[in-house]
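The values are calculated or read from the model by the stated rules, or taken from the named source; none is laboratory data. These numbers come from a predicted model, not from an experiment. Here the Cβ positions follow ideal geometry from the backbone for every residue, glycine too, while neighbour counts run over all protein chains shown. To get the accessible areas, we keep the full protein, side chains included, count just its heavy atoms, and leave off ligands, DNA and RNA. Shrake-Rupley method; radii C 1.70, N 1.55, O 1.52, S 1.80 Å.
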Amino acid sequence: MLRVEDLHVSYGAISALNGISLSVPAGAIVTLIGGNGAGKTTTLHSLSGLIRAARGRVHFAGEDITALAPHHIVARGLCHVPEGRMIFANLSVAENLAMGAYLQRSPAQIAAARDYCFSIFPRLRERLRQNAGTLSGGEQQMLAIARALMSRPKFLMLDEPSLGIAPRLISTIFEKIVEINRDHGTGILLVEQNARLALEISTHAYVLETGHIVMSGPSRELRNNAQLKAAYLGS
Ligand code: ATP
């Protein structure tokens with residue numbers, strides 16, 4: 001469904017991605033693991049059209065989307081949940097959800113997407129009129145994912161959903177990611193520093209170091225890989 005070929009991205013003289021290739025089959029959860037500054041966020045920014053690649057191609061659902069603008073990429077069903085959540089802090093939960101549906105035209109489909117968000121995250125329904133900036137970190141992450149769901153995505157890219165979240169909520173968020181994937185066959189590319197959790201819910205994983213993919217394979221195999229364990233799993 002998503003295929004990235006030989007992607008190169010630089011920030012001026014700094015080279016952040018040096019020719020990465022990866023793919024995510026339809027309906028799969030694939031994770032991209034890597035330490036600080038490895039290039040994970042750059043990868044997602046590039047796939048969603050926020051930064052232009054110097055070289056390489058991105059194909060989504062059979063179409064070359066490399067040169068498309070971000071709103072055209074969202075319109076095709078590829079939606080990005082950014083690192084740090086980037087919710088609209090001064091807007092209510094309801095208004096944040098409405099912003100996620102800005103490309104949707106059908107009131108019935110918008111209502112159905114909202115109902116689905118509430119079925120996944122009932123807590124958001126309880127806090128509809130609350131300013132999003134006053135939500136807890138975990139609730140803000142739920143809102144960021146729900147806002148993306150309002151665009152009725154075929155594919156979600158999640159950047160560090162566990163970052164800055166109370167440990168007891170992290171497993172809830174990860175369970176919800178699996179639920180969303182199962183309910184609609186939504187493809188997921190998950191960027192995570194929490195390699196242990198990411199490898200538990202994904203079928204396939206790529207390891208990124210200084211802009212290169214240095215390892216990839218089925219998540220079950222990588223969980224037992226000695227090198228990966230030493231570098232990312234703390235054992
Ligand atoms: P983290 O988990 O710490 O967010 P990351 O794997 O997401 O790391 P990126 O944010 O993609 O890594 O950064 C990759 C490299 O590109 C780093 O060396 C970083 O310093 C550099 N970089 C990122 N954004 C910019 C920018 N706007 N200008 C210059 N260099 C940048």
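Semi-axes of the equivalent ellipsoid of region 16-154: what are they in whole Å, largest first, if each equals the square root of 5 times a C-alpha gyration tensor eigenvalue? Walk me through the numbers before you get to the answer.
Values: eigenvalues 160, 64, 34 Å².
Calculated on Cα positions only, the semi-axes equal 28, 18, 13 Å.
Over the chain, what percent of the accessible surface lies on carbon and sulfur atoms, probe 1.4 Å?
Working: 5470 of 10550 Å².
Solvent-exposed carbon and sulfur of the chain make up 52 percent of the total.
For the chain, the pair-distance distribution built from all alpha carbon pairs, in bins 10 Å wide starting at 0, is 8, 33, 37, 19, 3, 0 percent. Under a 5 Å amide H cut-off, with hydrogens placed 1.01 Å from N, GLY19 pairs with LEU7, HIS8, VAL9 among residues at least 5 apart or on other chains. Between the listed residues THR203, ALA230, GLY164, the Cα displaced farthest toward the positive end of the dipole of region 143-235, a dipole computed from Cβ unit charges relative to the Cα centre, is found at THR203.
Rounded to the nearest 20 Debye, what is the dipole magnitude of the chain about its Cα centre when Lys and Arg each give +1 and Asp and Glu each give -1 at the C-beta?
The dipole magnitude comes to about 340 debye.
The distance separating the Cα centre of region 160-235 from that of region 143-159 comes to 18 Å. Per residue, region 48-173 exposes an accessible area of 46 Å² to a 1.4 Å probe, with every protein chain left in place.
Backbone amide hydrogens, once placed in the peptide plane, bring ILE65 within less than 5 Å of VAL58, HIS59, PHE60, excluding anything fewer than 5 places away on its chain. Note on LYS154: lysines with a C-alpha under 28 Å away, same-chain residues under 8 apart excluded, are LYS40, LYS176. Normalised by the number of residues in region 2-232, the average gap of Cα pairs under 8 Å and 6 or more apart makes the relative contact order 28 percent.
Each of ALA98, GLY77, SER151 was scored by the projection of its Cα onto the charge dipole of the chain, and the greatest displacement toward the positive side belongs to ALA98; charges sit on the C-beta of Lys, Arg, Asp and Glu. Multiplying the residue separation of GLN130 and ASP64 by 0.36 nm and subtracting their alpha-carbon distance yields 19.7 nm.
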